[in-house]
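Where a number appears in this text, it was derived from the coordinates with a stated rule and is not lab data. Since this is a predicted model, take the numbers as computed values, not measurements. For neighbour counting, all protein chains shown are included, and Cβ atoms are generated from backbone atoms with ideal geometry for every residue, glycine included.
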Amino acid sequence: MPQRTIALIEDEQVIRDNYRDYLTRQGYLVKGYASRTEASSAFARALPDLVILDIGLGEDVDGGFELCRELRQRSATLPIIFLTARDTEIDSVVGLRLGADDYISKETGLPYLLARIAALFRRVTAMQTPDTGQPPMQRNELSLNIDRLDARWRGVSLDLTVTEFWMLLALVRHPGHVRSRDQLMQEAQIFVDSNSISTHIKRIRRKFEAIDADFDHIDTVYGAGYRWKS
Amino acid sequence: MAPRFRHSLRFKLLLVSLTLLLIPWAGYQYLKQLEQSLKQSQERLLLNRAEIVADMLANIDLDWADLNPRDVSGTRPSLYVHPLTTPPDIDGYPEEWQNLSTQTRRFNARSNPSAAVGFDWLAGRAGDSLYLLIEVYDPHIIYPRSDRSLDQGDHLILAVPGDQGKTTQFTIGTPAPGWVSIHSNGAAPIPAGLRGEWQESDRGYRVELQIPLALTRGRLSLAVVDVDAPDQQPQGIASTSGWRKNINLAYLALPNRQADHYLSNLEHRHYHYTLLNRQRQVIARQGKVLTRDQRSDPLWRGLLELLFADPLRPSFTEREGLGELDGPEIRQALNGQGGVYRYPSPDSPLTLLSSAYPVRLGDRVEGVVVVEQSTQEILLLQQDASEDLIGLSLGLFLVTGGSLLWLASLLARRITRLSDKYQKLVSPDGRILGEPETSTHRDELGRLDNSLASVLKRTQAYTRYLESMASRIAHEFRTPLSMIQSSLENLQLTVSDQAQGDSPYVTRALEGTQRLNLILRRLREATRLEQAFQNAERVEIDLAPLLESLCQGYQDSHPQIRFQAQTPEAGVISYINPDLICQAVDKLVSNAVDFHQPETPIVLGITILSPDWTRLSVENQGSNLTLEEPGQIFMNMKSQRGPGQQGPHLGLGLYLVRLIAEFHEGRAWAENTPGGVSFGLDLPSRNESPDGSATP
């Protein structure tokens, strides 16, 4: 397997270097760019296998979003992860609407980033070799293909981010059991305040409801957490 | 809160408007002056009138010699004869004399003061006859045995001028009450028309006599002889004057017909004219004084009397008596000078104005003309003016006072509204709750409103800046923290690559950064919450099952602690966002878990405060709060945790609780309970009564 190339667009020199060093040590070929123009011109020559994007790039406040849009136009399947210090609801909504595969905070440690990168590459591989992996997990009308990070409700793809997929997986794995917020955080490999867990759950629910208006399998257990109701 | 009325603007303006009462006062002073000048001019006019009448009387042919009895000694009495409109019946009863009853004159026995005899004299004239009413005081009436011996009993002696300086005397008596018998002392016959009636009275007897006027020739004397034993000397004799010699007889002061007739031709509806001789005896009298105040009602009169009371002077009824008139002005006139005097009337608020002017014949004062008039006209005028004045002042006072009061109320209401507006805009713990509306008024109050609003806006901006400080600090810290964290993660990898396993220092440093991350996350949580409010959906939900479910959840998460839920039977429907409320309760429970005394339960309760309010509370046993400033504990970065507590605590939990409470139009509170603390939220709700029906 050829060495995977990862493009890291981050205006902060130290962070860029640290990330590049860490990921390089994990066997990836990492190219760092400090600005949108720099990255754009590089991408014009060749696309990387995965892109890690910061939103604010120096003076270019929304440079990350712009770059994301450009990249998505060129490739529908290129994995894109937003890695940012911004954590407002609006930022994440915009980012995800632009087709990013995940949106994580900078405080999320490098090991967790690594897990996401690995998962995304695993999906790329799975996509390229159709129907070879294990059969998808079935819950009610939900089918989960863990390698492809693909969740389908009544056969329609839910289009979940990596974090959302892992969260849903954690719920579905033990139907009827309450998963606390901390458990969900752990399984989704993110560290955020517990309030943003409910935001994530809400977003997952909404994606279900877009397909099935009467969807009510994700149950809130006040004071405890959430559970998958069969 | 409205100030007490005594301290209010309204009261102050009302006080100021009291100065309007100076208007009626000034008017009153003016009226007083007016009255004074009116009185003076009335006096002058009245004196003029008296003078004119006196001058005219001096020019008509009056027999002043007859009117003024030649008075040699100056001490001889004269007897006044009242004019009578109709001749009285000679019946011995005083009914016809009733209106003159105050004019009687008393004569007592002069020789023997101890003698009880005395009589009241009253004389009147009608036509050509003189009428006498003699009221004799005699406890022992002795009647003579027969008509022939009248001097053997109580009797009267009437003396009239006779020949040769001696008087003609008539003895008048009777053996029994009834017509009197009359004996002449000489050979003179009893003149026709001389008759009388004798009647007993309570105190003695009464004799009513008719005497032909011609008989008297202007002079007479009457004596009452009191006999207590038929054969003895008389006990006492009372007489009007000596009765044996002509010269001793008293003069009769008779009303003069000519003068009377002259006076009757004068205007006499409002004036009372009296002509007096030098003895101040009334010679002629015409006209009358209006003494009845006909038009005003007692209330006005009382009020005006109070305002225009005159200093008291002797009542004018006392100046009249015995057919005489007396008074300072009359005495002055007798001395040759016209004068005016004022008498108060005892039974009306009027005063009597009396002017006197001498009637001169050459240098000699022969009589006095007295003209009397009541002050009725002035009083009426004054009354009208006063009524107008009082009415006008009252109206003016009402209008101005009313306007001032209205203005004061308006201002007070606006000030109160202004105060309320800003009171509502700032919460009890000092936060600014909303944008003040700017005032459209352009006056000082409007400007005050706008300036307060701008002050508030600036304060609000500053408060926002301070409140957002935490989240901005958190944001700014993230990048450097990320640098450290990623460097440490690299270092950890390097160290483990060099095969000595994990360096404890790197691990500890990483733990530190994780802790820092946690702090930053907590700091950001508040900011995130405010964002969450923007798209938080609210639903109507029964709080009781929610709290019970929460309680179950906490019990599952903390098996070592006992949780109790105390919820009412009836439903407590509240319009809330359950996630946010749960988050708030989470914070309170997490606090309670940290502070509770081991082995004691944590109580989650719902209390119905009113049909519209419900209280969610989380109570635990443990140390009390030091609640110096209630509400402060719900402030950003305020923590009461002592040292030695585990985990980072920034005092954000309760701040979030407060934000959530306020998002639901409720409030967060904290209080000490016996042996513990209680925290909670008061939320608006629709509470059902226990029978299940919703209260309105």
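Things worth noting here:
- Applying the set (1) within 22 Å of residue B:583 (Cβ to Cβ); (2) more than 11 Å from every other protein chain (Cβ to nearest Cβ) to residue A:198 leaves exactly one unmet item: (2).
Yes/no per residue for (1) assigned to a helix (DSSP H, G or I); (2) loosely packed, with under 15 Cβ neighbours inside 10 Å; (3) within 14 Å of chain A (Cβ to nearest Cβ):
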position: B:437; (1), (2), (3): no, yes, no
position: B:452; (1), (2), (3): yes, no, no
position: B:484; (1), (2), (3): yes, no, yes
position: B:508; (1), (2), (3): yes, yes, no
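- Filter result for residue B:541 (within 23 Å of residue B:660 (Cβ to Cβ) and away from chain A (no Cβ under 11 Å)): no
- Flag if residue A:190 is surrounded by 14 or more Cβ atoms within 10 Å (Cβ to Cβ), among the aliphatic types (A, V, I, L, M), touching a residue at least 24 places away in the same chain (Cβ under 8 Å) and within 11 Å of chain B (Cβ to nearest Cβ): no
- Filter result (touching a residue at least 60 places away in the same chain (Cβ under 8 Å), of a type outside the set (Phe, Trp, Tyr) and within 14 Å of chain B (Cβ to nearest Cβ)) within the stretch A:19-66: A:23, A:26, A:52
- Count - residues of the stretch B:230-253 that are over 21 Å from residue B:182 (Cα atoms) and out of contact with any strand residue (DSSP E or B) (no Cβ under 6 Å at 6 or more places or on another chain): 3
- Matching residues in the stretch A:4-55 - criterion: being aliphatic (A, V, I, L, M) and more than 18 Å from residue A:110 (Cβ to Cβ): A:34, A:39, A:42, A:44, A:46, A:47, A:55
- In the stretch A:70-91, the residues that are in a helix (DSSP H, G or I) and under 17 Å from residue A:159 (Cα atoms): A:72
- Selection from the stretch B:216-250 of residues that are outside any strand (DSSP E or B), over 22 Å from residue B:193 (Cβ atoms) and in contact with a Leu (Cβ under 8 Å, 6 or more places away or on another chain): B:241, B:242
- If you check B:620, B:591 for being touching a His at 6+ places or on another chain (Cβ under 7 Å) and either among the hydrophobic types (A, V, I, L, M, F, W, C) or surrounded by 15 or more Cβ atoms within 10 Å (Cβ to Cβ) (or both), only one passes: B:620.
- Entry remark, the stretch B:163-176: residues being surrounded by fewer than 17 Cβ atoms within 10 Å (Cβ to Cβ) and of a type outside the set (D, E, K, R) number 3 in total.
- Residue count for the stretch B:196-215 satisfying the condition of being under 23 Å from residue B:165 (Cα atoms) and in a strand (DSSP E or B): 2.
- Among the residues of the stretch B:486-506, those identified as of a type in the set (Ser, Thr, Tyr) and more than 13 Å from chain A (Cβ to nearest Cβ) are B:503, B:505.
- Qualifying residue in the stretch A:90-105 (condition: away from every other protein chain (no Cβ under 14 Å), of a type in the set (Lys, Arg) and crowded, with 19+ Cβ neighbours inside 10 Å): no
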